[in-house]
Amino acid sequence: MKAYPLFFRPVFQERIWGGSRLREFGYSGASDGIGEAWVISDHDHGPTPVADGPLAGKRLSEVMKANPEWFGLPPGARFPLLVKVIDASEDLSVQVHPDDRYARPRGDAGKTEAWFVLFAEPGASIVYGHRAQTREDFEKRMKEGAWGNLLVKVPVRAGDFFYVPAGTLHAIGRGLLILEIQQSSDTTYRVYDYDRVGADGRKRDLHVKEALAVTRCPSPKPQRPGYARSGRVGAVIEHLVRGEVFTIDHWLVDGEARVDECGVFRLISVIQGSGEVVWDHGRRSVAKGDHLLLPAVLHPVVLSGRFEALFSAPVISTRAK
């Protein structure tokens, strides 16, 4: 079978803090109360099926088994990334995620993630990190409920980008629509939840022991890097992340831009505008809200039109099987 760009059908996840803004981003099937649209995923909690073409309806693990050369991953590797759009009509819980070393023996991957802010209400903010300098101080303030003195709040606006390595205490605030690119994991340790109750009328579980084990002390600072920028015919590219587990680039396409070969699959999330992706035996339109996978063996590929997108790819050298 010839390789072709894979588009996906999103999987919607209801959350107590979910809103209605996902429909504005192109997901007409999202009802009120949907907090997350998983748009590229092979995680068992929400695998996204291929939308069309010969592989329509297949999940990524099935495509990988039949066409391993499309991905450029080590033999036996799991699909390593997960892309979602988060609609926060209320504050999310304060939480932390483990790294691979802690999570793998417990049945999941670690969870380093990155956020691109698609929309922000005036005054919106996130929690990024804490003020404790030692683990003992962190535990003391947490158990005393001294959240105002512990948590670091950061104001945000549309277009902001944050890299959130595993072990970083964090929370997405109300009034934000965020594109999240992360390791393929659904492991979350909830630290503080504003004493809210779930649909069953009970307060949601907290994971104090686990959070104490994995939270970085002292905390990483909010990372708004001075982005490296490069240009090519038809596009301006900002290199947002060169991390241990993934890379992320921000593309502004204006005209026709060639996508270089890199030996591994890439994910593209279109966040504004429209255009086309063109390859040697086909072409397909793309528009805001589309998310696709470019197989590693698909080249040459040309992007045309006027649109803004995030490109992400795994870092193979640190990829665990």
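The values are calculated or read from the model by the stated rules, or taken from the named source; none is laboratory data. The structure presented is a predicted model; accordingly, all values stated were derived computationally and were not measured. Glycine also receives a Cβ, built like all others from the backbone with ideal geometry; neighbour counts cover every protein chain displayed. When the accessible area is computed, the model is the full protein with side chains, heavy atoms only, and any ligands, DNA or RNA have been set aside. Shrake-Rupley method; radii C 1.70, N 1.55, O 1.52, S 1.80 Å.
Listing for the model above:
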read-out	value
Qualifying position, being assigned to a strand (DSSP E or B), more than 15 Å from Val164 (Cβ to Cβ) and modelled with pLDDT under 95, among Glu238, Glu261, Glu276	Glu238
Subset of the stretch 241-256 that is part of a strand (DSSP E or B) and of a type in the set (D, E, K, R) - its residue that is surrounded by the most Cβ atoms within 10 Å (Cβ to Cβ)	Asp249
Breaking point among (1) touching a helix residue (DSSP H, G or I) at 6+ places or on another chain (Cβ under 9 Å); (2) outside any strand (DSSP E or B); (3) not polar (S, T, N, Q), for Gly46	(1)
Filter result for Gly29 (modelled with pLDDT under 95, open to solvent by 20 Å² or more (accessible area, probe 1.4 Å) and assigned to a loop (DSSP other than H, G, I, E, B))	yes
Residue that is β-branched (Val, Ile, Thr) and closer than 23 Å to Gly26 by Cβ, where the choices are Val297, Val301, Val264	Val301
Residue among Ala132, Ala120 that is at negative phi, touching a residue at least 24 places away in the same chain (Cβ under 8 Å), small (Gly, Ala, Ser) and open to solvent by less than 10 Å² (accessible area, probe 1.4 Å)	Ala132
Test: Ala213 is surrounded by 21 or more Cβ atoms within 10 Å (Cβ to Cβ), under 29 Å from Pro105 (Cα atoms) and touching a residue at least 60 places away in the same chain (Cβ under 8 Å)	no
Search result, residues across the stretch 195-217 that are part of a loop (DSSP other than H, G, I, E, B) and in contact with a helix residue (DSSP H, G or I) (Cβ under 9 Å, 6 or more places away or on another chain)	Thr215, Cys217
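Results for (1) more than 24 Å from Glu276 (Cα to Cα); (2) open to solvent by 40 Å² or more (accessible area, probe 1.4 Å), shown as yes or no for each residue.
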position	(1), (2)
Phe7	no, no
Phe12	yes, yes
Gly35	yes, no
Asp44	yes, yes
Ser61	yes, yes
